Structure formats: structure tokens, C-alpha cells
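> Here it is, the structure in full.
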Amino acid sequence: MEHIAENYARGLCEIILKEEERKNFKISINNNDDAESNECDVSNDEYSKTGSEQTISERFATLSKLSQNIQPTYRTDHEEYQYLDLLKDILDNGTCEEGRNGRTKSVFGRSMRFSLKDGTIPILTTKKTAWKTCLKELLWFIRGETDNKLLKSQGVHIWDGNSSREFLDSCGLKLMTEDLIGPNYGYQWRYFNATYNCMTGKRILDNDKPGDHNIFANSVHLKGVDQLQQIIDALKDPNQRTSRRLVMSAWNPVQLAEMSLNPCHVLCQFNVHDGNKLSCSMYQRSVDCLLGACFNIASYSFMTHLLAKHCGLEAHEFVYFMGNCHIYEDHVEGAKLQLTREPIEFPTVSIKSIRENINDYQVSDFELDNYKSHDTIKFQMVA
């Protein structure tokens, strides 16, 4: 954990300097009677002198006082403080932006690391996380499915807003059958770039009747690339498992226009070291920190544990790289509540048996032990 503490100290110094620059900028615009007020700024009369009015000693005193006022939430005794520290960073230092689906406060470029040793799984505890819902979605991805009706039949409704008739029409997908999400996530994992049937949610190739002879059956444009199976095959092979090419992408520019929602978690890489220790890193371009991040952390950690079990390895670490990290305006009060809570020890997960095919795993194959959390905090999903 020393490297995390060192990175935090470096980041804290940057925050202090940025805070000083921000307040000086606030001072300059406030001295302009014609300037419009910026709702993102918090006024501070104590530091109301302009840069020209402050002496060098006063400016150093100001900087010192700022460093004393910033109270970091991050500690090295629990990895969940990385997440809580990100929430505080966004609330304290984020910029206000008007985006596609609402007003947010955001920062750019952050990372976290979570140990998966000894069955540990980082399911956040400062609010109750619906881990079975998360797992059902992951298994849906793994099977390459795109039909939300399969999730709704299991009581999972996280894709309802992005697969409704109204939402699909707003995306220009008027021919797409309601409840489909397009060639997104799992479809790219299992059939990368295969021609998609917007009426059935399957590959065009899958519409052939048994016995039909399709001369194009082996065409990559119809068949696609099964990225996940290629990774599984490599992980099972001692001669390939240390490859640095175990990459799986959900971002396919060719088919983005066919998706109801462009993928947020776009790329992951698996890595084996010390013979059998499997780690996963994931890059996410857009992070809904209150609703999405808790699922994304749990989902890729579940997947790493699953692939380790399936391929005869040991799960080691999940590394989370984030681009735009944001909190929606309607989520701010819930975030403040979550920051008052102390993390609880992470649970452990075990997978009862090894299935022959990765598609065959069920929620009942996963056993979660000792998951304890604070109460649920309700957040409205923004489609």
C-alpha cells in the first residue's frame, strides 16, 4: 500500500496548488462587475486579496492554511478509501459541466487498485451493493447477449432506460427491436465486428436455419472475433498465459452508431505473473461514480475470479483506470452521506465448480461469504 500512499501525497500537493490557483482566479473574476457568477466556485472572503495585493509571505501563509484545511479521507488500512477519496476529490475540486444527460461535477484521470488474493472481492460496503444484479449482468455479457428481456426475466432492470422504444428512437435506432441494446459489450467480447441483426439481437449468421449452407459462414464480417475465448485458450496454455496481448475491447468505432449507448468500460487486459497469478486492468472512459463505479469494480473482479477458476489460476489484483469521473447533480447529497460512513471488511467469493464452457456458469455457482454493508443509498439512474 506504500505506493498508493505516495501517490496520494503527490496528488494532495497538486490539489493544494490547484486550489490556490482557483481561488486567485475567483478573485479576479469577482473584481469584474460585468462578470457572470460561476455556480461551481465557493467564495472565501478570508482569501479576498488579489494577487497583486498579497505579499509573498501572505501567499505562502495562504497556501499553508489551505493545506491544513484539506482533510483527506483516504487511509491505507482499507482499499475502499480510494473510492471515497475520489468522491471527495470530485465534490471539492471537480468542475461543473453540462453533458449529454445532465449537469455533473467531474475530474479526469484517476486509478485504483484492489487485491483479489485469498478470494477477496471488492464489493463496496459504504452503501449496499446489489452484487447479484451485477453478477447476472456480467454473465449476460459473457454469453454475448444483447436482449434486455433476458435480464428483466431475472428481475434486473439496469438496462431498461437505455433499451426503451423512446430511447432507441431518440438515438436514431427506429428499426431496432425494443429491449435490444445493439452490438455492445458482450457482443463485442464474443463476436467483435460481426454483422448485427437489429431485429433479433443476434449475428446475421445466427439467423440461418439448420442445414442451410452459407458460403460466407467463415467470413469475419459475419462470424466476428471471439476475444474472450481467445483469452481463455491462452490462459489455459502455460506457453501463452504470460502474453502481453491478452486484451479485450468493447470499443468498436465501426458499430458505435448501432449501439443504444456507447460502451463506458471499453478495454481490459489480463496478465499472469509468478506462474499462476491472474490480474486484470480495465480502462473506463466515463465513470458514473455513484451508480456505475461500484458495479464496474465488482463486475471485473468477479470476472477475474471466474477466469482464474476456469483456467486453473489464482486471482491476484484488479486495477481500475478511469477517464472522466463524474457525479451527477442529483447524486451530490447521497455522495455526502456516503462519505460519512466507515468501510467494512470486504467479503470473499468462491466458485463451486468448473464448467466445461464459460457460457454455462450460473449465479448459483458463486458463493459470497461475509458481505456486510451500510444501508442502501437510493440514486436515480440517468440514462
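> Out of region 101-142, which residues are surrounded by 18 or more Cβ atoms within 10 Å (Cβ to Cβ) and assigned to a loop (DSSP other than H, G, I, E, B)?
Passing the criteria: Leu116, Ile121, Pro122, Ile123, Leu124, Thr125, Thr126, Lys127, Thr129.
> Let me ask something else. What are the pairs with Cβ atoms under 6 angstrom where one residue, in region 176-189, is in the same structural domain as Trp251 (by TED's automatic domain parsing) and the other, located anywhere, is in a helix (DSSP H, G or I) and not hydrophobic (A, V, I, L, M, F, W, C)? Sequence gap at least six, or different chains.
Short answer, once both residue conditions are applied: Glu178/Arg165; Asp179/Asn148; Asp179/Lys149; Gly182/Glu258; Pro183/Glu258; Trp189/Gln227.
> Here's a follow-up. Within region 224-263, which residues are surrounded by 14 or more Cβ atoms within 10 Å (Cβ to Cβ), assigned to a loop (DSSP other than H, G, I, E, B) and of a type in the set (A, V, I, L, M)?
Within region 224-263, Leu246, Ala250, Met259, Leu261 meet the criteria.
Per-residue answers, yes or no, for (1) touching a residue at least 40 places away in the same chain (Cβ under 8 Å); (2) over 19 Å from Leu307 (Cβ atoms):
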site: Arg341; (1), (2): yes, yes
site: Ile344; (1), (2): yes, yes
site: Ser353; (1), (2): no, no
site: Asn357; (1), (2): no, no
site: Asp360; (1), (2): no, no
site: Phe366; (1), (2): yes, no
site: Lys372; (1), (2): yes, yes
site: Thr376; (1), (2): yes, yes
site: Phe379; (1), (2): yes, yes
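> Here's something else I'd like to know. Within the group Phe302, Phe346, Phe366, which residue is of a type in the set (Phe, Trp, Tyr), in contact with a Pro (Cβ under 7 Å, 6 or more places away or on another chain) and more than 24 Å from Ser106 (Cα to Cα)? First the steps, then the outcome.
Details: Phe302 fails: in contact with a Pro (Cβ under 7 Å, 6 or more places away or on another chain); Phe366 fails: in contact with a Pro (Cβ under 7 Å, 6 or more places away or on another chain).
Going through Phe302, Phe346, Phe366 in turn, the sole match is Phe346.
> Can you tell me which residues in region 325-346 are more than 20 Å from the chain's Cα centre (by Cα) and either outside the structural domain of Leu86 (by TED's automatic domain parsing) or buried (at least 16 other Cβ atoms within 10 Å of the Cβ) (or both)?
Arg341, Ile344
> Let me confirm something: among Phe295, Phe318, which residue is modelled with pLDDT of 95 or more, within 24 Å of Thr126 (Cβ to Cβ) and assigned to a helix (DSSP H, G or I)?
Of Phe295, Phe318, the one residue that is modelled with pLDDT of 95 or more, within 24 Å of Thr126 (Cβ to Cβ) and assigned to a helix (DSSP H, G or I) is Phe295.
> What is the number of the single condition among (1) at pLDDT below 95; (2) under 23 Å from the mean Cα position of the chain (by Cα) that Asn207 does not meet?
(2)
The values are calculated or read from the model by the stated rules, or taken from the named source; none is laboratory data. These numbers were taken from a predicted model, which means no experiment stands behind them. Here Cβ is always computed from backbone atoms with ideal geometry, including for glycine, and neighbour counts include all displayed protein chains.
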